[in-house]
1. So, R0 is 22 Å and r is the distance between the beta-carbons of LYS300 and ASP115; what FRET efficiency does that work out to, to 0.05?
2. Suppose every K and R has +1 on its Cβ and every D and E has -1 on its Cβ; what is the size of the dipole of the chain about the Cα centre, in Debye to the nearest 20?
3. Out of the DSSP beta bridges found with both residues in the chain, what percent are antiparallel (nearest 5)?
4. Considering the options CYS287, PRO317, HIS355, tell which one lies farthest towards the positive end of the dipole of the range 262-407, charges being +1 on Lys and Arg and -1 on Asp and Glu at the Cβ, about the Cα centre.
5. At 24 angstrom or more along the helix axis (alpha-carbon based) and mean Kyte-Doolittle of 1.0 or higher, what helices does the chain contain? Whole DSSP H runs only.
6. Report, in whole Å, the centroid distance computed from the Cα atoms of the range 1-51 and the range 326-346.
7. Mean-square fluctuation check for the chain, GNM, Cα pairs under 10 Å: which of GLY224, GLY131, GLY195 is largest?
8. Post the alpha-carbon centroid distance, the range 203-275 to the range 386-424, in whole angstrom.
Amino acid sequence: MARALIIGCGAVATVAIKKCCTCSEVFSEICIASRHRENCEKLAQELRPNTKTVITTAAVDADKAENVVKLIKEYKPDLVMNIALPYQDLAIMDACLECGVNYMDTANYEPENIDDPEWRKVYDKRCKEQGFSAYFDYSWQWAYKEKFEKAGLTALLGSGFDPGVSQAYCAYALKHQFDTIEEIDILDCNGGDHGYKFATNFNPEINLREVSAPGSYWDTDANGKGHWVEIPAMSIKREYVFDEVGKKDMYLLHHEEIESLAQNIPGVKRIRFFMTFGQSYLDHMRCLEDVGMLSTQPIKFQGQEIVPIQFLKALLPDPASLGPRTVGKTNIGCIFKGTKDGKPKTYYLYNVCDHQECYKELGSQAIAYTTGVPAMCGAMMVLTGKWNKPGVHTVEEFDPDPFMEALTKYGLPWKENFNPVLVD
Ligand code: NDP
């Protein structure tokens with residue numbers, strides 16, 4: 001019996017909220033809050049007749065910690081589930097600390113304005129020291145470790161699919177399948193087709209920033225020292241045949257869980273992340289980038305200030321509206337190479353999810369589904385005390401078993417392959 005404050009009511013949050021409402025014994029009360037309360041209320045009205053979970057709604061602008069503090073003081077939740085945007089992570093963490101409440105999110109912090117000189121200073125230093133230049137990284141949230149530890153509060157970072165389930169798969173492989181893991185390839189395949197020439201499956205601004213950033217991976221030199229290798233965006237391409245999806249082109253991207261896995265999987269030598277893209281998506285993205293439409297820098301247009309990528313977001317289909325028209329499947333998982341009982345071993349742990357099945361069940365496409373379900377399951381782990389460790393932690397730092405059990409129960413069962421085709 002617990003009370004959760006859920007910030008965000010978009011594509012991913014809607015799935016998480018719907019799943020919370022099927023588990024009222026844990027989520028006995030939830031408050032859905034975002035800037036546009038009417039969206040939260042619309043969803044609440046749809047759900048109230050069929051759930052025992054008591055649902056309230058609120059308006060909050062979570063860009064400012066004081067607004068979140070005010071709402072937390074009124075609602076008194078046991079956990080704040082941040083399923084808004086990565087821009088709000090730090091403000092919501094500050095509010096949780098001030099009010100003594102546990103925290104979770106689905107994506108690591110990045111600033112809305114990457115031209116902010118204060119942020120730039122830290123960013124430029126990190127690029128030089130670490131060797132990767134994506135706008136997002138864990139340093140901002142890891143800086144809260146001691147504060148959360150001292151306050152006796154748990155902050156669970158990145159409880160979506162990737163990051164999230166991908167890290168639980170790593171923890172599971174290490175616990176049950178390997179003595180040592182040397183290489184991890186995380187493969188994210190979306191074999192879905194929504195029929196549009198160009199649309200993003202989750203928030204376009206966050207998605208396009210991620211995909212247009214230079215790629216990078218973790219590697220180890222001859223002296224055993226781990227380091228980042230950065231490559232131009234989309235410059236490493238592989239072809240892979242995915243179970244239940246078929247042959248797809250995939251590209252090496254920088255991804256946030258590589259950063260934490262490199263620290264938390266002892267002895268790991270190489271970690272890469274690949275995502276599939278169709279040619280039409282890539283052609284459109286390159287063109288939009290070339291003409292400046294992915295810029296976050298405000299420009300003056302007919303006497304008004306607009307941010308190009310925000311204008312683009314307004315033109316693109318809302319990811320939450322893709323559900324009815326998306327057909328096909330996702331296949332997301334990790335291929336491991338390591339040793340067990342002194343012998344070399346390879347192992348592939350993955351989930352396959354069908355867009356239309358997700359739509360039939362919850363009215364959402366599989367990208368929102370595969371992120372929203374782990375968000376709810378991660379929250380459940382914290383609320384039931386199974387994942388209760390003061391500090392700031394990523395998913396692989398916790399026992400994967402109860403989480404994976406919950407994933408299976410709430411719609412994301414895993415599959416295994418003990419002789420996978422490896423990625424060269
Ligand atoms: P959407 O754009 O669909 O929804 C974002 C929600 O956040 C909206 O309800 C919006 O409501 C709310 N929001 C935005 N700004 C604020 C604010 N200042 N204060 C309060 N609420 C705010 O995004 P998605 O659902 O697609 O994505 C949600 C999160 O999930 C993102 O952080 C994304 O990066 C992450 N994600 C993680 C994945 C993973 O596997 N780990 C995969 C896919 C996504 P309103 O406008 O009313 O404020």
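Just so you know, all these numbers are worked out from the coordinates, no wet-lab data involved. Just so it is clear, the model here is predicted, and its values are computed rather than measured. Backbone-built Cβ (ideal geometry, glycine too); neighbour counts: all protein chains shown.
1. The calculated FRET efficiency here is 0.90.
2. 500
3. If we restrict to bridges inside the chain, about 60 percent are antiparallel.
4. CYS287
5. Result, helices passing both filters: 366-383.
6. What the calculation gives is 34 Å, centre to centre.
7. GLY224
8. Value for the Cα centre distance between the two parts: 19 Å.
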